[in-house]
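Written below as structure tokens is the structure these notes are about.
The values are calculated or read from the model by the stated rules, or taken from the named source; none is laboratory data. Remember, it's a predicted structure, so these values are computed and weren't measured experimentally. Cβ placement follows ideal geometry from the backbone for every residue including glycine, while neighbour counts extend to all protein chains displayed.
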Amino acid sequence: MTWILGASSLFGYGLILSDIQVSVGKERFDILQKAYPLSNFISGGFAGSVKIGFMLLQSLSDTLEIPREYQQTFAWDPIKIANAWSPRARDIFMRESLQERRLGAQFLMVAASPQPDKKMMIPGWDSKIYLIRFSSPNFKPQIMSKRVNFCSIGSGAGVSKFQKYIREKLKLGIFDKTLQAEVMNPG
């Protein structure tokens, strides 16, 4: 079973979590990281074909490359990136063998927008988090931007017990302290 989870919090933080399990035939192994930081304020994770998943991660990482002199100050617009990258993701998927495509591919991007959320009037809480899901074969971006939200991909995404657990944690604000862990520019 694979489960990649993206979540946003009331306080303008986002997170991406994943399991580490892969299946080879009927065997299961806990050996593979499936979620990674990709650029300033953007992380991604995959489910499905491991080969295609890593190709998607590399493609999006290359798309998001920032020149060294701007790395401390630059942020991408998540919606523009999602729409620009979607055709590339589809091309990567379609170029693979039928055997690899049968495994499917899903991708989840969690990103903070450089544009403040105008509905929030409290400085520091005005960042807007986007959860963006892509699925084979077309990889059309499904964009979600509710303030408190979660989205998941993989075979574990449909497990109602998991969904209920996450919903309860988000309601109670349990993840708010967890969501303050920052990658690349801790502070």
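When the range 42-87 is filtered for residues that are buried (at least 21 other Cβ atoms within 10 Å of the Cβ), assigned to a helix (DSSP H, G or I) and in contact with a Leu (Cβ under 8 Å, 6 or more places away or on another chain), the ones remaining, listed by number, are 52, 60, 81, 85. Filter the range 89-105 for residues that are surrounded by 16 or more Cβ atoms within 10 Å (Cβ to Cβ) and touching a helix residue (DSSP H, G or I) at 6+ places or on another chain (Cβ under 9 Å) and give the result. The answer is 89, 92, 93, 96, 100, 101, 103, 104, 105. Residue count for the range 1-32, restricted to those that are farther than 30 Å from residue 114 by Cβ and either without any contact (Cβ under 8 Å) to a residue 60 or more places away in the chain or assigned to a strand (DSSP E or B) (or both): 13. Scan the range 33-41 and give yes if some residue there is touching a Lys or Arg at 6+ places or on another chain (Cβ under 8 Å), assigned to a loop (DSSP other than H, G, I, E, B) and buried (at least 21 other Cβ atoms within 10 Å of the Cβ), otherwise no. Checked the range 33-41: no residue is touching a Lys or Arg at 6+ places or on another chain (Cβ under 8 Å), assigned to a loop (DSSP other than H, G, I, E, B) and buried (at least 21 other Cβ atoms within 10 Å of the Cβ).
Restricting attention to the range 88-106, the residues that are in contact (Cβ under 8 Å) with a residue 24 or more places away in the chain and in a helix (DSSP H, G or I) add up to 8.
Every residue, every condition in (1) buried (at least 16 other Cβ atoms within 10 Å of the Cβ); (2) modelled with pLDDT under 80; (3) on the phi > 0 side of the Ramachandran plot, yes or no:
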| position | (1), (2), (3) |
| --- | --- |
| 136 | yes, no, no |
| 139 | yes, no, yes |
| 146 | no, no, no |
| 154 | yes, no, yes |
| 158 | no, yes, no |
| 163 | no, yes, no |
| 166 | yes, yes, no |
| 169 | no, yes, no |
| 172 | no, yes, no |
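Name every residue in the range 36-69 that is among the small types (Gly, Ala, Ser) and either in contact with a helix residue (DSSP H, G or I) (Cβ under 9 Å, 6 or more places away or on another chain) or under 22 Å from residue 95 (Cβ atoms) (or both), in order of residue number. Selection gives 39, 44, 45, 47, 48, 49, 53, 59, 61.
Residue-wise test of (1) of a type in the set (Val, Ile, Thr); (2) under 25 Å from residue 10 (Cα atoms).
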residue	(1), (2)
63	yes, no
68	no, no
71	no, no
95	no, no
103	no, no
129	yes, yes
136	no, no
158	no, yes
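Of the set (1) more than 17 Å from the chain's Cα centre (by Cα); (2) modelled with pLDDT under 95, all apply to residue 98 but (2).
Just give me the residues in the range 13-37 being out of contact with any strand residue (DSSP E or B) (no Cβ under 6 Å at 6 or more places or on another chain) and farther than 16 Å from residue 162 by Cβ, in sequence order.
13, 23, 24, 25, 26, 27, 31, 33, 36
Out of all the residues in the range 121-128, is one or more outside any helix (DSSP H, G or I), of a type outside the set (Asp, Glu) and at pLDDT 80 or above? Yes, that holds for at least one residue.
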